[in-house]
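Working notes for the structure below.
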2 protein chains.
Amino acid sequence: MRQSQLFSKTRKNAPADEVAKNAQLLIQAGFIHKEMAGVYAYLPLGLRVRNKIEEIIREEMNAVGGQEVELTALQREELWQRTDRWSDESIDVWFKTKLKNDTEVGLATTHEEPLTELLTQHINSYRDMPLAVYQFQTKFRNELRSKSGIMRGREFLMKDLYSFCRTQDEHDDFYAEMKSAYERVFRRVGIGEDTFYTYADGGSFSDYSHEFQTVSDAGEDTIYIDDDSGIAINKEMLNESTLKELDVEREDLREARAIEVGNIFPLGTKFSDALGLVFKNEDGEEKPVIMGSYGIGVGRLMGTIVEIMAAEDGFIWPENIAPFRVHLLALGGSDDVRQAADGAYEALQSSGIEVLYDDRDASPGEKFGDSDLIGIPTQIVIGNQTINKDGVEVTNRLDKDSTSEILPLSEVINSLS
Amino acid sequence: MRQSQLFSKTRKNAPADEVAKNAQLLIQAGFIHKEMAGVYAYLPLGLRVRNKIEEIIREEMNAVGGQEVELTALQREELWQRTDRWSDESIDVWFKTKLKNDTEVGLATTHEEPLTELLTQHINSYRDMPLAVYQFQTKFRNELRSKSGIMRGREFLMKDLYSFCRTQDEHDDFYAEMKSAYERVFRRVGIGEDTFYTYADGGSFSDYSHEFQTVSDAGEDTIYIDDDSGIAINKEMLNESTLKELDVEREDLREARAIEVGNIFPLGTKFSDALGLVFKNEDGEEKPVIMGSYGIGVGRLMGTIVEIMAAEDGFIWPENIAPFRVHLLALGGSDDVRQAADGAYEALQSSGIEVLYDDRDASPGEKFGDSDLIGIPTQIVIGNQTINKDGVEVTNRLDKDSTSEILPLSEVINSLS
């Protein structure tokens, strides 16, 4: 894309009304726009990043056999009364509104109820399972405060998958598969090394649930990491019984602040019992379905990546989720430079490489400044100096030790494609 | 995809509580699920169709230079007060809800206000235009009644594009480009011949707006078509002045019921004046931006296609938006059939053809019945009879005159790919 066409502009300064680093940086670079606290619009660069994260998650959900659907935001009271989750006492972040006939309806904070009820129409027999259904859907949560940028929104995109199994063993196997799928997601988006499988409270459903916690000073949670095993314990569950269960010693644990980027949850038969999701097993007996839920907040994950990046020196997107693979800068307004840069843009694009081409009539300082804010991993500069050397200046910005090199364009294209 | 894995089941009968044909058929075939009146979840087959329609629209919006964003559902009162559109008198389909601190917020029915305000931060100079920004976003509209299935929902996916131009001429040129882009969309989804560019009321913004109306008995609108020119007039605008302006004779017009599948609207400077979206022109003068809006309801378009299909003999999706390109049916449970069908499934898939493979342990009657409900355009049947003839039985269901043929699989794959 030609940057002269891109409508979003960077700002000289970070917005004064944001405390979260992710919101400051993303707004300053023109990736997102604040509509109100906890409610952010995605601008072209931000949407490109979020779509890439979404696509990585989708691939991994499909790989474990997930079937994609899209449920609705608007929810009927009657359904949630059946699981006793309609009141503000049980779900304290409901947004409620009213139809014209004064019927109260809710905006979904999560989707166990509607999906479980929907599946009573499609699951009858043991032959209909195991089954995994997921969606990317906007959740609404009426948070009292919302100061964490896109990490804790009042309106945000979430991937939620629900599993439906016949036996506890089958559920446990699928749960383990999902653990691996989540690990692949976090590795692919570039935070695998900082993210720990964490034992957390199972609520009314189970002894434990499991969170994926990414170590960051911006985190709201405190976790205790056992580096030998690579597992962690959420502070709320750090007790003798958990330590014994996991066979770890308290003195081996290190404390860290962390952001919950995903969670997986055994639901047992809580929802299938309440909503009548049963099946006939091989012996013709009626049994309740055993469920699990598996969530990743897509915006939260993107915000976490920004927090991690921002803590390092400079702000560079991991390759897999960068809005573009290459930022091409044309320096100076000479015809030679323009012609060489136009040619390089065409050549990169025709090799299937995504390029943001800064073709604007702007100073080198402005172009480098914007390039630092936008954080595309590979920078290619073309100016009179590089033309004189028959090459382009390439910088791999993800490798802090690497220096810029002047290389022939063809060589650069080969190494990128 | 193997149909034995697909969780959605067809129903023997259409749902009794739906009056709209599109909802009856889509629910019966397992494409959608009714959460409440006007609120539908998309199941795997339905989501595949809607995603294909969305992608066709996206391609055409990108082709006219549209930049994709995603704005928010939650809206601040203050912003809409500035255009006098916060009250139920001006927008009678608002859903309103409240933050924890009792601040009232709305769920967006449309997005002129937030986008115009957002762009005051990014448009300053004549160099920043012309500009087109679009999104696919869930709209909420508190309709009094909602009986038209996915054609008029309370919650639905909409593509809305907004244009920002410097002069009336520039706006008019872009408006004409969008007209062509919309015509391409409707042609590609298979309703081009039934869809007419229709002169409609311009509201407080303009003399006219333009609707794309698809002729169907399920339509809520009445239009008058001039077959010579291919244009139409909405009943609300059928008057001497319109006839004169368009140079058509009343007696040449034929009346038809029609569904509005898209609309394009000159907005003038109504929103830019109210929200301060101005720019400096070449002479350094401050001018308001000239805007237009361009909407397509994605669900409504899908529902319209179903209504059109349902009016014909049988229910077959147009090729470009069918959930799969081929429905492969294995008849009878013999090892030979199973082996041949598995092989055909692999071969079709490795040729890049999307296949729904009915590998279920079910009777031929059940498989053909489901295949009729799902409406995939090409049907390939494998049974003992076809194996004896060294071929597969192919039916092109979109061509009502064509008959089934037994052909070698390789020949079928060649003609499909």
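Yes or no: the range A:128-149 includes at least one residue that is assigned to a helix (DSSP H, G or I) and either open to solvent by 30 Å² or more (accessible area, probe 1.4 Å) or within 7 Å of chain B (Cβ to nearest Cβ) (or both).
Within the range A:128-149 (the criterion being assigned to a helix (DSSP H, G or I) and either open to solvent by 30 Å² or more (accessible area, probe 1.4 Å) or within 7 Å of chain B (Cβ to nearest Cβ) (or both)), the answer is yes, since at least one residue qualifies.
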Look at the range A:264-302 and say how many of its residues are open to solvent by 40 Å² or more (accessible area, probe 1.4 Å), among the aliphatic types (A, V, I, L, M) and touching a helix residue (DSSP H, G or I) at 6+ places or on another chain (Cβ under 6 Å). 0
Name the residue that is farthest from residue A:156 (Cα to Cα), counting only residues in the range A:71-97 that are facing chain B (nearest Cβ under 8 Å) and not hydrophobic (A, V, I, L, M, F, W, C). A:76
Working only within the range B:42-73, note down all residues that are closer than 21 Å to residue B:377 by Cα and basic (Lys, Arg). B:48, B:50, B:52
If you go through the range A:76-85 one residue at a time, do you hit one that is farther than 30 Å from residue A:282 by Cβ and either surrounded by 20 or more Cβ atoms within 10 Å (Cβ to Cβ) or of a type in the set (Phe, Trp, Tyr) (or both)? yes
Out of B:220, B:177, report the one residue that is closer than 30 Å to residue B:280 by Cα, surrounded by fewer than 21 Cβ atoms within 10 Å (Cβ to Cβ) and of a type in the set (Asp, Glu). B:177
From the options B:156, B:164, residue that is within 13 Å of chain A (Cβ to nearest Cβ), farther than 30 Å from residue A:94 by Cβ and part of a strand (DSSP E or B): B:164
Lone qualifier among A:202, A:276, A:292, A:284 - being modelled with pLDDT of 95 or more and under 24 Å from residue A:140 (Cα atoms): A:292
Name the single residue that is nearest to the chain's Cα centre (by Cα) among those in the range A:1-38 being part of a helix (DSSP H, G or I) and away from every other protein chain (no Cβ under 12 Å). A:22
Output the number of residues of the range B:111-127 satisfying the condition of being buried (at least 18 other Cβ atoms within 10 Å of the Cβ), more than 9 Å from chain A (Cβ to nearest Cβ) and in a loop (DSSP other than H, G, I, E, B). 1
In this structure, does residue A:254 turn out to be free of Cβ contacts under 8 Å to residues at least 40 places away in the same chain and not in a helix (DSSP H, G or I)? yes
Restricting to the range B:379-400, and then to whatever is assigned to a helix (DSSP H, G or I) and open to solvent by less than 70 Å² (accessible area, probe 1.4 Å), can you tell me which residue is nearest to residue B:310 (Cα to Cα)? B:386
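When you check residue A:349 against the structure, is it open to solvent by 30 Å² or more (accessible area, probe 1.4 Å) and closer than 29 Å to residue A:54 by Cβ, yes or no? Working first, answer last.
On the way: open to solvent by 30 Å² or more (accessible area, probe 1.4 Å): yes; closer than 29 Å to residue A:54 by Cβ: yes.
In short, yes.
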Taking the range B:341-378 and keeping residues within 25 Å of the chain's Cα centre (by Cα) and in a strand (DSSP E or B) leaves B:355, B:356, B:378
Among A:338, A:300, which is the only one that is basic (Lys, Arg), assigned to a helix (DSSP H, G or I), modelled with pLDDT of 95 or more and more than 32 Å from the chain's Cα centre (by Cα)? A:338
Kindly indicate whether residue B:32 is in contact with a Gly (Cβ under 6 Å, 6 or more places away or on another chain), open to solvent by less than 40 Å² (accessible area, probe 1.4 Å) and aliphatic (A, V, I, L, M). yes
Restricting to the range A:333-381, what's the tally of residues that are farther than 14 Å from residue A:4 by Cα, in contact with a helix residue (DSSP H, G or I) (Cβ under 6 Å, 6 or more places away or on another chain) and of a type in the set (Asp, Glu)? 1
Taking the condition of being surrounded by fewer than 19 Cβ atoms within 10 Å (Cβ to Cβ) and more than 12 Å from every other protein chain (Cβ to nearest Cβ), how many residues in the range A:60-70 meet it? 2
Looking only at strands (runs of 3 or more DSSP E) that lie completely in the range A:189-241, which have at least 1 residues being touching a residue at least 40 places away in the same chain (Cβ under 8 Å) and either at positive phi or of a type in the set (D, E, K, R) (or both)? A:208-215
Just one of A:266, A:288 is free of Cβ contacts under 8 Å to residues at least 60 places away in the same chain and over 30 Å from residue A:383 (Cβ atoms); which is it? A:288
Is there a residue being open to solvent by less than 20 Å² (accessible area, probe 1.4 Å) and closer than 30 Å to residue B:282 by Cβ anywhere in the range B:186-204? yes
Residue list for the range B:39-59, filter: more than 13 Å from every other protein chain (Cβ to nearest Cβ) and buried (at least 22 other Cβ atoms within 10 Å of the Cβ): B:53, B:57
Would you confirm whether or not the range B:323-332 contains a residue that is modelled with pLDDT under 95 and surrounded by fewer than 21 Cβ atoms within 10 Å (Cβ to Cβ)? yes
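The values are calculated or read from the model by the stated rules, or taken from the named source; none is laboratory data. Since this is a predicted model, take the numbers as computed values, not measurements. Cβ sites come from the backbone with ideal geometry, for glycine too, and all protein chains shown count toward neighbours. Side chains are part of the model used for accessible areas, which takes the heavy atoms of the whole protein and leaves out ligands, DNA and RNA. Shrake-Rupley method; radii C 1.70, N 1.55, O 1.52, S 1.80 Å.
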